[in-house]
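Below: one structure, written as structure tokens.
The values are calculated or read from the model by the stated rules, or taken from the named source; none is laboratory data. Because the structure is a prediction, the values reported are computed rather than measured. Cβ: placed from backbone, ideal geometry, glycine included. Neighbour counts: every protein chain shown. With ligands, DNA and RNA removed, areas are computed over all heavy atoms of the protein, side chains included. Shrake-Rupley method; radii C 1.70, N 1.55, O 1.52, S 1.80 Å.
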Amino acid sequence: MIEFKITPGGNRPIYQQVVDQVRAAIVSGELSIGDPLPSVRGLAQQLVVNHNTVAKAFAELVRDGTLESRQGRGVFVAKRRNVFSASERKRRMSQALDVFLAEMHALDCSADQIQEAVASRLDQLTGK
Amino acid sequence: MIRQTTAIKTVGLTKYFGRNSAVRNLTMEIPAGQVTALVGHNGAGKTTFIRMLLGLAEPTRGRCAILGEDSQTLSPQTRSRIGYLAEGHFLWNWMRAKDVARFQRETFPKWDQKLFDSMLSFFGVSPDAKIGQISRGQRAGVSLGMTMATDPEILILDDPSMGLDPVARRALVEGLLAFARREGRTVLISTHLLDDVERLADRIALLSNGNLLVDAPLVDFQQRVQGWKIDSTIVAPPAIPGLIDSRTFDGQTNLVVADPDEETIASIERIGHNARSEQLTLEDAVLAYLRPASMVGSISASLEAAQ
């Protein structure tokens with residue numbers, strides 16, 4: 001089970017923080033296909049946030065295919081499948097890249113430094 | 001999951017005190033089953049607005065209805081479905097905590113003693129404690145408990161966290177969330193604590209000088225308000241559609257825009273100087289709306305200049 005941690009007052013809305021943490025846990029292998037997520041009610045209580053906020057995060061993850069909801073049993077990590085068309089996938093990728101690159105630019109990173117950091121992080125995440 | 005019915009509705013609601021308007025032409029709908037946070041400066045009209053909703057103050061113009069009934073002519077039945085926590089947690093100091101329960105039980109048919117008892121123990125108040133001798137946070141707990149235990153459909157709280165320490169504040173937020181989780185319960189809370197707003201609220205309403213500036217789902221508000229940083233001092237920015245705030249600091253300009261469209265972005269990018277967008281914190285977004293134009297730049301720069 002993943003340990004969620006949210007911080008109010010940051011520049012990411014709380015529901016987005018929950019979405020980010022689920023995605024990160026799947027990438028890092030902390031959550032595997034078929035693993036259950038906590039209930040909306042339980043997680044909302046644990047994080048001391050509005051239950052609609054958690055429900056919204058889970059709904060977004062179900063919509064994009066990261067999680068699947070099983071009738072009456074809760075939400076589980078879904079098998080990876082492409083729910084987006086090729087062009088929509090490209091659009092989302094480019095959107096995510098823009099945000100990332102803007103951050104890197106603000107930190108004054110060179111292209112080499114960025115590429116190196118991405119490669120080493122990928123190695124780390126895939127356990128190389 | 002969310003029942004989209006209206007709990008509170010106001011049309012052109014206006015209140016004058018003498019020649020000063022406290023609430024101006026306010027039209028809004030507060031949906032049932034959600035938590036709405038009312039945010040604004042001291043004196044922005046929040047308390048006056050709440051008092052009109054409850055029929056405790058008479059509008060100069062306009063109307064408001066709560067649970068489908070006009071606020072000015074609320075029946076006792078409808079009134080008993082509304083829980084209200086006035087500013088300052090008014091309680092009778094000579095009572096013991098358990099007397100508060102006895103007092104409320106007589107008035108409210110749906111009184112839930114178990115819920116009241118569990119609120120007392122959650123806030124660490126003994127049933128025999130004298131109200132005049134408990135801490136401010138415990139007072140808030142007793143007052144929240146005595147309102148929640150009447151099993152209201154709608155809970156209206158006027159700055160309930162004022163003067164509370166972090167522990168009591170958190171307990172209050174937990175109590176309110178537990179209430180909001182129950183099916184179809186509506187909460188309207190006025191507060192200055194934006195971290196609590198982030199934890200609690202489905203919607204945010206911003207009030208400034210009696211005007212309703214924003215009334216939106218919290219997530220939409222956070223996404224619709226966008227910050228831009230520019231590496232140059234721009235004292236008078238050009239016409240930018242949706243610009244709500246512009247401040248210069250030490251060779252930099254921070255712009256805040258609402259609902260940016262292509263035209264907004266194009267006109268900022270025309271300024272150049274490495275103009276780049278950034279996601280704002282809730283606090284920055286709220287301040288962009290509420291901070292008066294006089295508070296430009298940093299206070300330290302103004303103080304240095306004054307020396």
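A compact table of results
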read-out: Selection count where residues are within 14 Å of another protein chain (Cβ to nearest Cβ) and open to solvent by less than 50 Å² (accessible area, probe 1.4 Å), scope the range A:21-74; value: 17
read-out: Pair list, Cβ < 9 Å and 6+ apart or interchain, from the range B:265-286 residues that are more than 10 Å from chain A (Cβ to nearest Cβ) and more than 18 Å from A:Thr7 (Cα to Cα) to residues that are part of a helix (DSSP H, G or I) and among the acidic types (Asp, Glu); value: B:Ala275/B:Glu269
read-out: Tabulated pairs, the range A:88-115, first within 13 Å of chain B (Cβ to nearest Cβ), second surrounded by fewer than 12 Cβ atoms within 10 Å (Cβ to Cβ), C-beta under 7 angstrom, 6+ apart or interchain; value: none
read-out: Filtered residues of the range B:223-248 (kept if touching a Pro at 6+ places or on another chain (Cβ under 6 Å) and outside any strand (DSSP E or B)); value: B:Gly242
read-out: Residue match in the range A:100-114 (condition: within 17 Å of the chain's Cα centre (by Cα) and either farther than 30 Å from B:Ala275 by Cβ or surrounded by 12 or more Cβ atoms within 10 Å (Cβ to Cβ) (or both)); value: yes
read-out: Residue match in the range B:106-118 (condition: among the basic types (Lys, Arg), surrounded by fewer than 22 Cβ atoms within 10 Å (Cβ to Cβ) and out of contact with any strand residue (DSSP E or B) (no Cβ under 6 Å at 6 or more places or on another chain)); value: yes
read-out: Helices (runs of 4 or more DSSP H) wholly inside the range B:129-222 that include at least 3 residues being within 14 Å of chain A (Cβ to nearest Cβ) and farther than 29 Å from B:Tyr16 by Cβ; value: B:166-181, B:194-200
read-out: Selection status of B:Arg24, touching a residue at least 60 places away in the same chain (Cβ under 8 Å) and open to solvent by 30 Å² or more (accessible area, probe 1.4 Å); value: yes
read-out: Those helices (runs of 4 or more DSSP H) lying entirely in the range B:252-307 with at least 1 residues modelled with pLDDT of 80 or more and either among the aromatic types (Phe, Trp, Tyr) or over 21 Å from B:Ala37 (Cβ atoms) (or both); value: B:262-271, B:282-290
read-out: Failed item in (1) of a type outside the set (Val, Ile, Thr); (2) open to solvent by 10 Å² or more (accessible area, probe 1.4 Å); (3) away from chain A (no Cβ under 14 Å); (4) at negative phi, with B:Phe122 passing the rest; value: (3)
read-out: Any strands (runs of 3 or more DSSP E) falling wholly within the range B:1-105 and containing at least 1 residues that are in contact with a Lys or Arg (Cβ under 7 Å, 6 or more places away or on another chain), within 14 Å of chain A (Cβ to nearest Cβ) and on the phi < 0 side of the Ramachandran plot; value: B:35-40
read-out: Flag if A:Ile6 is open to solvent by 60 Å² or more (accessible area, probe 1.4 Å), of a type in the set (A, V, I, L, M) and assigned to a loop (DSSP other than H, G, I, E, B); value: no
